[in-house]
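Right, one structure below, let's go through it.
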Amino acid sequence: MNRRDFFGRFALGLGGAALFGLLNEKGFAAPSVGAHPFTGSLAAPHFAPKAKRIIYLFMSGGPSQMDLFDYKPLLNKLNGQDLPDSVRQGQRLTGMSGNQASLPLAGSIFNFAQHGQSGAWFSELMPWTAKMADELCFVKSLQTEAINHDPAITFFQTGSQLPGRPSMGAWLSYGLGSANQNLPAFVVLLSKDRIDQPLYARLWGNGFLPSLHQGVQFRSGKDPVLYLANPDGISQAGRRKMLDRLAELHALQFQSLGDAEITSRVAQYEMAYRMQTSVPEVMDISKEPESVFELYGPEAKNPGSFAANCILARRLAERNVRFIQLYHPGWDHHGGLPAGIRRQSKDVDQPSYALIMDLKQRGLLEDTLVVWGGEFGRTAYSQGKLTATDYGRDHHPRCFTAWMAGGGVKPGITFGTTDDYGYSVVQNPVPVHDLQATLLHLLGIDHEKLTFKSQGRYFRLTDVEGQVVRGILA
């Protein structure tokens with residue numbers, strides 16, 4: 001036997017064992033929490049995890065930090081004056097404001113106040129979030145390398161500005177596997193009626209990882225997962241027989257080709273079969289008590305709203321889904337910011353508060369990490385005309401704010417500071433790869449050791465960078 005034959009047969013043995021396991025599992029229709037989990041590439045976490053799952057509330061478009069959380073009274077004092085060159089320091093601007101004759105500083109028109117024992121600053125736009133000030137860990141010194149939406153969002157989700165890499169949820173599915181075989185390890189929910197920018201499915205894709213690990217989008221409406229239901233005239237028993245015969249054919253194909261993607265395909269067929277029962281059950285929020293809908297606010301009964309998706313996120317967390325990502329687009333306020341950010345804040349303020357409180361009262365917050373933030377921040381100066389009641393803000397990658405709660409982060413703290421203009425980080429910068437390394441760390445993963453070999457080199461979520469932000473760890 002030569003070297004190629006040996007490794008070929010070795011691969012067939014491993015893949016065949018996985019396929020044999022799938023072929024020998026029967027009766028998947030009845031859902032059960034935590035039953036038959038599939039294991040990840042890691043035999044165990046590298047160290048004891050503080051969190052078992054992540055709920056990532058992604059505010060797509062770039063929320064304005066100085067109108068929400070990063071209070072900058074100097075901007076109000078200097079309102080209308082040009083951004084000093086000594087502050088800008090030659091930083092590149094987008095084409096949307098780079099050709100303006102002037103860059104007038106724009107103070108926030110919203111009132112700010114401190115809340116909780118932590119004294120965290122909140123604008124009047126976030127009254128519900130302010131109520132849980134002492135539950136939150138603010139990071140006000142985030143930085144990114146990207147200045148436009150698509151590369152910036154792609155960078156946050158995959159660790160690279162270029163498309164094609166696995167998303168964070170896919171990495172977690174690959175590394176840790178699933179804790180509930182009747183639901184995907186990685187679920188995505190999008191707020192309806194807020195799509196003013198495209199959100200491509202590759203943002204929750206598997207990249208070069210096996211397709212088993214891609215995120216599954218759950219939708220409001222008749223079919224929560226597309227193409228999941230049996231066609232007319234096909235019974236559940238008939239579908240079961242078809243899958244059994246198909247798996248046998250795939251086993252023969254695997255013996256011939258040795259392609260690991262074949263086993264992933266069979267696993268996805270089986271997952272879809274089990275999801276025919278588990279997905280309708282988890283998506284049906286009609287049996288939630290009225291007190292839950294009151295907690296999440298007036299839009300909680302509106303399928304596809306951010307509030308309804310937050311309820312679903314809690315239900316998925318209860319069922320041990322590993323990574324739950326909510327996208328809420330609409331934060332790209334180049335003009336008309338006061339009106340736009342009022343609308344956006346109203347969408348997310350009470351539901352975000354409700355999600356944290358709901359998780360806490362159910363004993364889930366201590367091992368569920370909730371993250372709230374966008375792909376970059378907004379400029380301290382106005383894009384376009386500045387008036388007493390209206391202004392816009394351009395993209396700003398040099399500093400912006402996110403908050404986290406639960407899952408092993410310190411509550412009631414603010415980490416990192418920006419200068420008085422809200423333009424640059426002056427203490428404890430947190431680049432994107434550092435945030436990603438920290439999220440993996442909280443789930444028990446050494447980000448340097450979760451790797452996958454593709455096209456001759458090893459890849460990881462944090463590429464060749466990333467340091468755990470230990471100052472926020474509980």
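Every number in this text was worked out from the coordinates using simple rules, so none of it is lab data. Just so you know, these numbers come straight off a predicted model, no measurement behind them. Reconstructed Cβ throughout: ideal geometry from the backbone, glycine too, with neighbour counts over all protein chains shown.
Quick look at the numbers
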| item | result |
| --- | --- |
| Listed pairs K140/K453; K52/K346; K131/K410; K140/K287; K77/K140; K50/K287 exceeding 28 Å between Cα atoms | K140/K453; K52/K346; K140/K287; K50/K287 |
| Neighbour-count ranking [beta-carbon atoms within 10 angstrom, fewest first] of K241, K72 | K241, K72 |
| Estimated dipole of the chain in Debye, rounded to 20 [Cβ of Lys and Arg +1, of Asp and Glu -1, Cα centre] | 920 debye |
| Alpha-carbon centroid distance for the pair segment 37-67 / segment 423-474, whole angstrom | 12 Å |
| Extension gain, R219 back to A339 (0.36 nm per residue minus Cα-Cα distance, nm) | 40.4 nm |
| Pair S86, Q236: separation of 7 Å Cα→Cβ label points (nm) | 7.3 nm |
| Stretchable slack from A48 to R202, in nm (0.36 nm times residue separation minus alpha-carbon distance) | 52.4 nm |
| Cross-link reach list, aspartates and glutamates versus K301, counting only Cα pairs under 14 Å and skipping chain neighbours closer than eight places | D284, E288, E290, D347 |
| Under the span-like rule (Cα at least 24 Å along the axis, Kyte-Doolittle mean at least 0.0), DSSP H helices of the chain | 3-23 |
| 14 Å beta-carbon shell around S278, net charge (K/R +1, D/E -1) | -1 |
| Pairwise FRET efficiency - E448 versus T94, Cβ, R0 = 30 Å, nearest 0.05 | 0.35 |
| Segment N111-E281, extension gain: residue separation times 0.36 nm, minus the distance between their alpha carbons | 56.9 nm |
